[in-house]
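The values are calculated or read from the model by the stated rules, or taken from the named source; none is laboratory data. This one's a predicted model, so the numbers in the text were calculated from it and none came from an experiment. Cβ sites come from the backbone with ideal geometry, for glycine too, and all protein chains shown count toward neighbours.
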Amino acid sequence: MRGKRATEPCLPYIGAYIRSLGNQYHPETNKDGVICLCVAENKLSENEVKELFEPTTGDYESPGFVKSDLYYYNDNKGMINFKAKMCRLLKSSLKLAQDVSPENICCSVGTGVILENLALNLCDHGDGILIPSPYYPAFDNDLSVRAGCDIFSCPMAYEAPYKSAAKTFVLSQNSLEYGLQHAISRGAIPKLLVLTNPNNPTGTAYSRETILMVLNFAYERQLHVISDEIYARTVYDDAPGLASFVSALTVVDEDGTDALKAWAENFMHIVYGFSKDFCVSGFRIGVLHSKNQALNQALDNVSYFSCIPSIMQDYLMKGLFAKPDKCVEDYTAVNNAKIRTSALALYSILDELHLEYVRANSGIFVFVNFSSLLDAQTVDAEKRLHTVLYEKCRVLFTPGYSCHGPPGWMRVCFAWVPLKHLKVAFENIKQYMAAREAST
């Protein structure tokens, strides 16, 4: 039965997270509460977010728009004036040299449904989707629960990309080829390749060379590519050896051959949204950029099921989109400074505890290696440790197995709590580690 798949939890740790929402740590009223570090949301800049989105007084002016338009059906992909503003924001957020055409975007209630619509319209049930791993844990649900696609991970090697560099998860053509052959061996037809840039959960951006390699790999095999660039503005550090963000659109425009550019017209799709860079996951605002006209025609139809309510579009037109561009850039600078402060503090804590991690420069999380605390190097052992950290230390991380990473790695979403709470979480873990060492 088609609905049976949807009865499974969307994430393996969702039950613990929901329970913890009613028992959150507070330094005065609930010292034994849980400190949630498993959700990729940023709560560090709530005051700045409120100011950025606060509506201005009065209505805005837009040719052909009247207030009563809000009461009735509109373009399922977004009202005309709204899409024009979104195009401008997309250009600045992705640092594009070229303007974005409203004809090539589709606005929807979040990026999750955009990913699902892409899978529904570009794939058939049982087709294969390749994703470099470790990857964002909700992809498994987004791309399979209704679309029925099969996901095949392309494991990235944990190594130094060059001699003097720190170790990180490195994407290579061998990684992609592994996933491709695995899909074929399982009888799945590979149709899609999903790239998250900057990466979730590693918090690192891909180099221009790596992105070009991925695009050429897909071109040679006629795969569609989804470049999820939802953290494009959240690059908070320019540490040596770490790549800064560059959009796949820019790579194609500046480095692609004529053949690659022609392929990208129909096979490359860019996803962006407000949940991460703008810290408003509750607004449910996502946008797709694609020049594939057949796909865009299909979205004219299915976007009926996922269109952004007119009242929310109106709210953004009176608030965010009514502000000067400088307001967005100033907000981004302040937000990234706060993220950087928490990230650097977390790195110091992890160094003190001798816990290995991927040195990040983007996103709102750090991928940490807790394998030294496992009783065996297996997924089952990681699940046991995850439970111990939750029940004894009162800290809830994103388990690494849900990201399809090596056993023992976990995602630490540090921006969900104030820095002082983050320090309490790792003080609890420090005490657990000391007690564990004393007993052995």
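Overview of values
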| quantity | calculated |
| --- | --- |
| Test: Phe245 is of a type outside the set (Lys, Arg), modelled with pLDDT of 95 or more and in contact with a helix residue (DSSP H, G or I) (Cβ under 9 Å, 6 or more places away or on another chain) | no |
| Any hit, the stretch 174-183, residues being over 21 Å from the mean Cα position of the chain (by Cα), surrounded by 19 or more Cβ atoms within 10 Å (Cβ to Cβ) and outside the structural domain of Arg359 (by TED's automatic domain parsing) | yes |
| Output for the stretch 256-302, where each listed residue is part of a helix (DSSP H, G or I), small (Gly, Ala, Ser) and crowded, with 21+ Cβ neighbours inside 10 Å | Ala264 |
| Identity of the residue in the stretch 84-123, without any contact (Cβ under 8 Å) to a residue 60 or more places away in the chain and assigned to a loop (DSSP other than H, G, I, E, B), that ends up nearest to Ala183 (Cα to Cα) | Ser101 |
| Tally, over the stretch 389-430, of residues that are among the small types (Gly, Ala, Ser) and either under 21 Å from Ser362 (Cα atoms) or not assigned by TED's automatic domain parsing to the domain that holds Tyr17 (or both) | 4 |
| Test: residue in the stretch 317-332 that is among the small types (Gly, Ala, Ser) and modelled with pLDDT of 95 or more | no |
| Qualifying residue in the stretch 20-29 (condition: within 30 Å of Tyr390 (Cβ to Cβ), acidic (Asp, Glu) and either at pLDDT below 95 or surrounded by fewer than 12 Cβ atoms within 10 Å (Cβ to Cβ) (or both)) | yes |
| Members of the stretch 189-213 found to be under 12 Å from the mean Cα position of the chain (by Cα) and among the β-branched types (Val, Ile, Thr), listed by number | Val194, Thr196, Thr202, Thr204 |
| Qualifying residue in the stretch 150-162 (condition: more than 24 Å from Arg208 (Cβ to Cβ), of a type in the set (A, V, I, L, M, F, W, C) and either out of contact with any Pro (no Cβ under 8 Å at 6 or more places or on another chain) or buried (at least 21 other Cβ atoms within 10 Å of the Cβ) (or both)) | yes |
| Exclusive hit being in contact with an Asp or Glu (Cβ under 8 Å, 6 or more places away or on another chain) and part of a loop (DSSP other than H, G, I, E, B), set Ala183, Ala147, Ala165 | Ala147 |
| Residues (surrounded by fewer than 16 Cβ atoms within 10 Å (Cβ to Cβ) and assigned to a loop (DSSP other than H, G, I, E, B)) located in the stretch 230-253 | Asp238, Ala239, Pro240, Gly241, Ser244 |
| Gln222 being in contact (Cβ under 8 Å) with a residue 40 or more places away in the chain and in the same structural domain as Ser275 (by TED's automatic domain parsing) | yes |
| Restricting the stretch 111-132 to residues that are of a type outside the set (A, V, I, L, M) and buried (at least 21 other Cβ atoms within 10 Å of the Cβ), the residue that is nearest to Phe169 (Cα to Cα) | Pro132 |
| Count of residues meeting criterion [in contact with a strand residue (DSSP E or B) (Cβ under 7 Å, 6 or more places away or on another chain) and either among the aliphatic types (A, V, I, L, M) or in contact (Cβ under 8 Å) with a residue 40 or more places away in the chain (or both)] in the stretch 141-154 | 5 |
| Some residue of the stretch 312-333 being part of a loop (DSSP other than H, G, I, E, B), small (Gly, Ala, Ser) and under 21 Å from the mean Cα position of the chain (by Cα) | no |
| From the options Arg359, Arg340, residue that is modelled with pLDDT of 95 or more, within 30 Å of Pro406 (Cα to Cα), surrounded by fewer than 18 Cβ atoms within 10 Å (Cβ to Cβ) and basic (Lys, Arg) | Arg340 |
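Here's the yes/no breakdown for (1) closer than 28 Å to Thr387 by Cβ; (2) at pLDDT 90 or above; (3) assigned by TED's automatic domain parsing to the domain that holds Phe305:
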site: Tyr13; (1), (2), (3): yes, yes, no
site: Val39; (1), (2), (3): yes, yes, no
site: Pro63; (1), (2), (3): no, no, no
site: Asn81; (1), (2), (3): no, yes, yes
site: Ser93; (1), (2), (3): no, yes, yes
